[in-house]
1. Hey, can you find the accessible area per residue of segment 271-325 for me, probe 1.4 Å, expressed in square angstrom?
2. Counting only protein heavy atoms and a 1.4 Å probe, tell me what percentage of segment 218-286's accessible area is made up of carbon and sulfur.
3. Skip the ligands, DNA and RNA, and give the accessible area per residue of segment 89-128 with a 1.4 Å probe, whole Å².
4. Could you let me know the centre-to-centre spacing of segment 281-313 and segment 79-125, using Cα atoms, in angstrom?
5. How high is the FRET efficiency from Leu148 to Arg111, r the C-beta distance, R0 22 Å, rounded to 0.05?
6. How high is the FRET efficiency from Ser73 to Lys100, r the C-beta distance, R0 41 Å, rounded to 0.05?
7. Using 0.36 nm times the number of residues separating Arg333 and Asp277, minus their current alpha carbon distance, what extension gain do you get?
8. Given a Förster distance of 45 angstrom, what is the FRET efficiency for Lys257 paired with Tyr383, based on the Cβ-Cβ distance and rounded to 0.05?
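The values are calculated or read from the model by the stated rules, or taken from the named source; none is laboratory data. Predicted, not measured: the structure shown is a model, and the values here were computed from it. Heads up, the Cβs are rebuilt from the backbone with ideal geometry, glycines too, and the neighbour counts pull from every protein chain shown. What goes into the accessible areas is simple: the full protein's heavy atoms, side chains included, and nothing from ligands, DNA or RNA. Shrake-Rupley method; radii C 1.70, N 1.55, O 1.52, S 1.80 Å.
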Amino acid sequence: MTRTRLHIAWFIIFATACGKPATEDHTIHAGQDSTKVNEAIRMISRSVNQVVLSSQKTIKLSHNLSKQTVTASGYITFDERRNNIVAIRTSGRIEKLYVKYNYQFVKKGERIAELYSPELNTYQEEYLFLLKSGEDSLASKAKQKLKLLGLLESQIQQVEKSNSVTQAITITSPIDGFIRFSLTPSSSEETKSASSTGMGEMSEAFSSNTRALVASAGQIREGMYVNKGQTLFVVNDVRQVWALLSVNISSQVQLKKGVPVTLYSEVQTDSINTKIDLVEPVYEDKQRFVRARIYLDNPGRIFKINSLVNGKISSQAQALTVPLSSVYDLGSRKIVWVKTGITSSGVGLFEPHVVTIGMTLDNWIEIITGLKGDEEIALDAGYMLDSESILNEKQ
């Protein structure tokens, strides 16, 4: 105990002992005074990172309806749930492209491309052979295989009538919508399997060309070779889109599914009252932002992909709040001083509590953990702090 603390202790003992009139119950009063003195000595003998004597103003905690509006910016993008993938079911060469550019509108069943496939030709020949041999059961299975490889019913009927193979398979659009070139790179395993299909010299030559000429991602040209399982196109009807809003991480506690949002689009004059549908559980690439996703109906295709939007996210909740000045930030910890008692002279006794904070609104801050609703704290935590002792305190 420092010399100053000893002086304070003896002062309290002296002040407590003086002024007591002698009575027949002196022993009882002396016992009570002794208890008070011992308690006072115990309190002031504690280190400064455990208790502080102060007459500073205090404030009682209260549950307030916390309201806050966060402004965020973002853009419109495709609703990926509405993507229809056009993939290749057999290896081959693109003979003809009917779609010349991205975002060209196509109708359901409209021709997109034609694909030449030695593998498919082999299965067509097998089917014709089984038809001639009268093996109806095997022919039916061979026909089903052709359908699984992408041959249309009309094309199979043409094979039957002409008694010859269809040199190119027609690839059609699965829905009405806007088409995008989306060729995925082929894996080495796919290329390896293509070279071991056992379709003779023509197939081997084709597989060799595939390894040499396979298209890179996103590029599709007539004459290019593609492998089984590769995606060629994506078709999206844009009847529903996503609005992606980027929100600073300091406001992420407000982002919850169902929170109201007022959306302003550069392609619309009127605001849109909507809500958050999903808070993405990852940060945007190389950015420290949280993204909120909003699903927007777009029946008239008014919202344009990549058009800009701004949003006002409003949230309110019953929260335990205290003034900003009552919380002292030590970096890894946030400290408030809780009033735990009072001396006989009216001086308050305060102890530090570590708290977890939430969102900030004007000059108030939300307390998530560390305090009870009926506690009383110092109004200004900065005047209570012995920085050295707090920083040296063990976690």
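1. It amounts to 58 Å² per residue over segment 271-325.
2. C and S atoms contribute 47 percent here.
3. With all protein chains present, segment 89-128 gives 50 Å² per residue.
4. Rounded to whole Å, the Cα centres lie 31 Å apart.
5. 0.65
6. Efficiency, rounded to the nearest 0.05: 0.75.
7. Computed gain between Arg333 and Asp277 is 16.9 nm.
8. Calculated value: 0.60.
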